[in-house]
Amino acid sequence: MQKEMPRSEDMFGFADALGPDKIIHIWKPALGLKAILVVDNVAAGPAIGGTRMAPDVSVEECVRLARAMTFKNAAAGLPHGGAKSVIIGDPAMEPARKEEIIRAFACAIAHFTDYIAGPDMGTNEVAMAWIKDEIGRSVGLPREIGGIPLDEIGVTGFGLSVAAEVAAPFCGLDLEGARIVVQGFGAVGKHAARFLGEKGAVLVGVSDSRGAIADESGIDLAALAKIKEEGGHVGDYRRAKQITPEELVGLACDIWIPAARPDAITGDNVDRLDCKLMLQGANIPVTAEAEVRLAERGILSVPDFVANAGGVICGAVEYRGGTQSGALAVIEEKIRYNTERVLAGARERGCRPREAAVALAEKRVRRAMTLRRGHREA
Ligand code: NAD
């Protein structure tokens with residue numbers, strides 16, 4: 001039976017002055033491939049954004065994630081717009097089937113040359129290699145074909161440590177001896193703790209999905225990393241006190257780093273935080289309500305898309321054929337400059353860092369739009 005078509009007002013319900021530039025629905029019945037590509041804004045350059053594989057992502061979510069990438073790339077000062085794509089499916093599907101689906105997806109987006117795919121939830125560097133193999137472009141590749149292995153090097157954790165260095169004087173903090181707590185000892189959290197440790201900070205509390213530990217005299221990072229590498233979890237580290245995830249939120253420290261899940265800090269637990277600085281390693285780890293409360297409580301918060309941009313900056317450097325050391329230098333330069341601008345701007349205007357960061361990103365996108373034919377605002 002013929003289905004009723006949505007009215008054009010509904011189809012353009014997501015449209016605003018910045019985008020989305022296009023929303024593509026991909027359906028290949030013979031292969032069972034269903035996917036969505038949202039290219040949000042390409043005024044600054046071809047859009048970089050992750051390819052997620054998940055069973056249940058809506059167009060609306062994809063649109064929101066694509067806009068977040070527009071702002072993240074602009075805030076990082078990259079010549080790239082924002083996009084996101086989603087392949088509808090279970091990421092744990094049989095490997096040969098996964099390869100077939102991802103290669104088919106690559107062929108379906110081949111002609112959308114203003115989109116560059118990157119790894120995201122449910123995809124990885126091998127998936128990016130399949131996409132590159134099919135259509136000649138993607139970022140987040142294996143080292144053997146020109147990739148810079150960002151999680152192995154810990155580029156996002158490195159970027160967080162740079163943001164911490166800039167933020168410290170804004171909240172009267174000295175990194176030498178600063179006590180840090182990390183929620184999520186994964187690719188981001190582990191390396192953030194390591195790079196901050198090199199600047200003199202001490203890890204006093206840490207968690208993973210299975211437990212949390214605390215030791216005010218300092219947790220041995222190398223020993224903990226070894227436990228994790230051998231398949232253990234944070235709770236297997238026996239020299240520290242076992243605590244609950246809730247207790248980790250209230251642990252006395254100087255820097256609290258969410259590096260696991262979205263919405264880790266909400267209106268319900270924000271008042272338990274006992275720190276001077278919040279460095280947002282995960283994406284959207286603090287709800288809007290909690291972000292306001294952090295400011296009221298005088299806790300300085302460096303927004304996610306400023307502090308955790310190391311990964312996407314690394315991808316942009318890789319795309320241009322850059323090296324690992326080149327990527328670290330660019331991350332250092334960009335995160336230092338942007339964190340300084342955002343925190344100084346927030347102080348001058350008496351607003352929250354997130355408001356200053358969004359204003360900075362939006363200004364850059366709008367400026368890029370004035371420089372491009374076909375992208376100027378009406
Ligand atoms: P990961 O899977 O390597 O590590 C996540 C860690 O969090 C694991 O140790 C896991 O056990 C732990 N965890 C999961 N649920 C938890 C919970 N409820 N409480 C405490 N710990 C929990 O992932 P990652 O790459 O480190 O990414 C972490 C976050 O940072 C995600 O939100 C991701 O989107 C974001 N991010 C990652 C990068 C990057 O370069 N990897 C860049 C920007 C943002």
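The values are calculated or read from the model by the stated rules, or taken from the named source; none is laboratory data. Since this is a predicted model, take the numbers as computed values, not measurements. Reconstructed Cβ throughout: ideal geometry from the backbone, glycine too, with neighbour counts over all protein chains shown. Surface areas here come from the heavy atoms of the whole protein model, side chains and all, with no ligands, DNA or RNA. Shrake-Rupley method; radii C 1.70, N 1.55, O 1.52, S 1.80 Å.
Against the test of being within 15 Å of the ligand (Cβ to nearest atom) and closer than 30 Å to R347 by Cβ, the options A193, A164 yield a single qualifying residue, A193. For the stretch 138-251, the strands (runs of 3 or more DSSP E) that sit wholly inside it and include 2 or more residues that are surrounded by fewer than 17 Cβ atoms within 10 Å (Cβ to Cβ) are 241-243.
Within the stretch 245-258, the set of residues being within 12 Å of the ligand (Cβ to nearest atom) and in contact with a strand residue (DSSP E or B) (Cβ under 6 Å, 6 or more places away or on another chain) comprises P245, L248, I257, P258. If you check A92, A104, A108 for being more than 16 Å from the ligand (Cβ to nearest atom) and open to solvent by 20 Å² or more (accessible area, probe 1.4 Å), only one passes: A108. Taken over the stretch 266-288, residues that are under 20 Å from F71 (Cβ atoms) and either open to solvent by less than 80 Å² (accessible area, probe 1.4 Å) or more than 16 Å from the ligand (Cβ to nearest atom) (or both) amount to 9. Selection of the stretch 210-244 for residues being over 16 Å from A187 (Cα atoms), hydrophobic (A, V, I, L, M, F, W, C) and within 13 Å of the ligand (Cβ to nearest atom) yields A212, I213, I243. Just so you know, in the stretch 111-136 the residues that are of a type in the set (A, V, I, L, M) and open to solvent by 50 Å² or more (accessible area, probe 1.4 Å) include one that is modelled with the highest pLDDT, and it is V126.
Looking only at residues of the stretch 29-65 that are of a type in the set (G, A, S) and more than 18 Å from the chain's Cα centre (by Cα), we find that the one that is most open to solvent (accessible area, probe 1.4 Å) is A30. Between D40, D16, the distinction of being free of Cβ contacts under 8 Å to residues at least 12 places away in the same chain and either farther than 23 Å from V139 by Cα or touching a helix residue (DSSP H, G or I) at 6+ places or on another chain (Cβ under 7 Å) (or both) belongs to D16 only. If you go through the stretch 26-37 and keep only what is without any contact (Cβ under 8 Å) to a residue 12 or more places away in the chain and part of a strand (DSSP E or B), you end up with just W27.
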